[in-house]
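The values are calculated or read from the model by the stated rules, or taken from the named source; none is laboratory data. Here the structure is a predicted model, which means the values were calculated and not measured. So basically every Cβ, Gly included, is an ideal-geometry build from the backbone, and we count neighbours across all protein chains shown. Accessible surface areas use protein heavy atoms only, side chains included; no ligands, DNA or RNA. Shrake-Rupley method; radii C 1.70, N 1.55, O 1.52, S 1.80 Å.
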Amino acid sequence: MFTCDHGDTHFVGYLLRFKPEAKLRIESQLKLGADTRGNRGPMDMNGAEVKRPGDSAWVGYFDPRDTGKVIQDAIRKGQDPRKLKLYTFDEITKVSCPDGKYAIPVGSD
């Protein structure tokens with residue numbers, strides 16, 4: 001959740017999920033008592049995928065556009081792949097306010 005007005009209103013900036021193999025790896029590390037605060041701990045983003053609300057395509061962390069798969073899926077659905085909006089992981093997770101400033105994650109102050 002993010003805010004642009006110091007917490008008066010909140011909105012979803014993006015959705016985050018982990019691929020099944022990454023989820024299993026994270027869960028097993030947590031069961032072993034892994035520290036979730038470390039930079040390379042269980043929340044390592046190797047298996048993470050994100051998308052903006054309303055988008056259909058999930059974007060992986062290391063294959064930021066998964067372009068081939070997204071284009072093939074669009075063609076199978078009869079869509080024109082030239083009209084797709086493809087974003088990188090970083091573009092999706094840098095949430096902006098209408099005035100162009102970065103949105104603030106709720107609870108980060």
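In the list Asp35, Asp73, Asp63, which residue meets the criterion of being farther than 14 Å from Arg17 by Cα and modelled with pLDDT under 65?
Asp63
Filter the range 70-109 down to the residues that are under 18 Å from the mean Cα position of the chain (by Cα) and of a type in the set (A, V, I, L, M, F, W, C) and list them by number.
Within the range 70-109, Val70, Leu84, Leu86, Phe89, Ile92, Val95, Cys97, Ala103, Ile104, Val106 meet the criteria.
Has the range 84-107 got any residue that is open to solvent by 60 Å² or more (accessible area, probe 1.4 Å), part of a helix (DSSP H, G or I) and either modelled with pLDDT under 80 or among the β-branched types (Val, Ile, Thr) (or both)?
Looking through the range 84-107, none of the residues is open to solvent by 60 Å² or more (accessible area, probe 1.4 Å), part of a helix (DSSP H, G or I) and either modelled with pLDDT under 80 or among the β-branched types (Val, Ile, Thr) (or both).
Scan the range 11-32 for residues that are surrounded by 14 or more Cβ atoms within 10 Å (Cβ to Cβ) and in contact with a Phe, Trp or Tyr (Cβ under 7 Å, 6 or more places away or on another chain) and jot them down.
Gly13, Ile26
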